[in-house]
Amino acid sequence: MSKNLSVLTEAAIFAALAMALSMLPDFASWFTPSFGTIPLLLFSLRRGLKPGLLAGLSWGLLHFLLSRVYYLSLPQVFIEYVLAFLVMGLAGFFAPSFKAALKKGHKSQAIKIATLAAFTAILVRYLFHFWAGILFWSDYAPEGMSPIIYSLSVNGTAGLLTLAFSLLVILPLVHLQPRFFLTD
């Protein structure tokens, strides 16, 4: 199998795994972490920016195929299911320096880079959700609550929980199984 086909196949598998984890029952309504983020971050750190963006976009599009889209308007759907999931691949921007640190045996440096990669991708994703919350979901805010505060509380909490759970998986994996990320 060619390397490109192998990467595409792996992207599809990680996107499908992300979608499967997204289907776990919510345990706190709007404040539930996005467990599907974890495989996307792992894949992006393993394969880099372009494959990571592809996997993120694929994950977002799978929501349409499986009827898991909450539709208010076309712009809202584009922001929350195309752009927000696409940017999860931004973690792949950090893959070259992350892999270089691992190859040199600098695990503490690799852990810092992986943390920064996860933080960046999750922050950008939840910024899209934050803006969508203000623009499209403000009618759902409790009466008298600012749409900004409402969106920040909902999306900020979900983003922080997503980051915490992601790091609970990624950081031990970096420490215990660095070869997972070294594909070259």
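The values are calculated or read from the model by the stated rules, or taken from the named source; none is laboratory data. Source: prediction; values computed, not measured. Please note: Cβ atoms are built from the backbone with ideal geometry, for glycine as well, and neighbour counts cover all protein chains shown. With ligands, DNA and RNA removed, areas are computed over all heavy atoms of the protein, side chains included. Shrake-Rupley method; radii C 1.70, N 1.55, O 1.52, S 1.80 Å.
Remarks
- Of the residues 180, 119, 128, 165, the single one that is assigned to a helix (DSSP H, G or I), in contact with a Phe, Trp or Tyr (Cβ under 7 Å, 6 or more places away or on another chain), open to solvent by 30 Å² or more (accessible area, probe 1.4 Å) and touching a residue at least 12 places away in the same chain (Cβ under 8 Å) is 165.
- Criterion: of a type outside the set (Gly, Ala, Ser), more than 28 Å from residue 77 (Cβ to Cβ) and open to solvent by 30 Å² or more (accessible area, probe 1.4 Å) - qualifying residue of 135, 160, 173: 173
- Residues in the stretch 39-79 that are open to solvent by 50 Å² or more (accessible area, probe 1.4 Å) and not in a helix (DSSP H, G or I) were compared, and the one that is modelled with the lowest pLDDT is 70.
- Across the stretch 139-151, the number of residues qualifying as at pLDDT below 95 and open to solvent by 80 Å² or more (accessible area, probe 1.4 Å) comes to 4.
- Looking across the stretch 49-86, the residues that are more than 14 Å from the chain's Cα centre (by Cα) and farther than 23 Å from residue 131 by Cβ come down to 50, 65, 66, 67.
- Boolean, residue 25 is open to solvent by 50 Å² or more (accessible area, probe 1.4 Å) and part of a loop (DSSP other than H, G, I, E, B): yes
- Residue check, residue 156 free of Cβ contacts under 8 Å to residues at least 60 places away in the same chain and either among the hydroxyl-bearing types (Ser, Thr, Tyr) or not in a loop (DSSP other than H, G, I, E, B) (or both): yes
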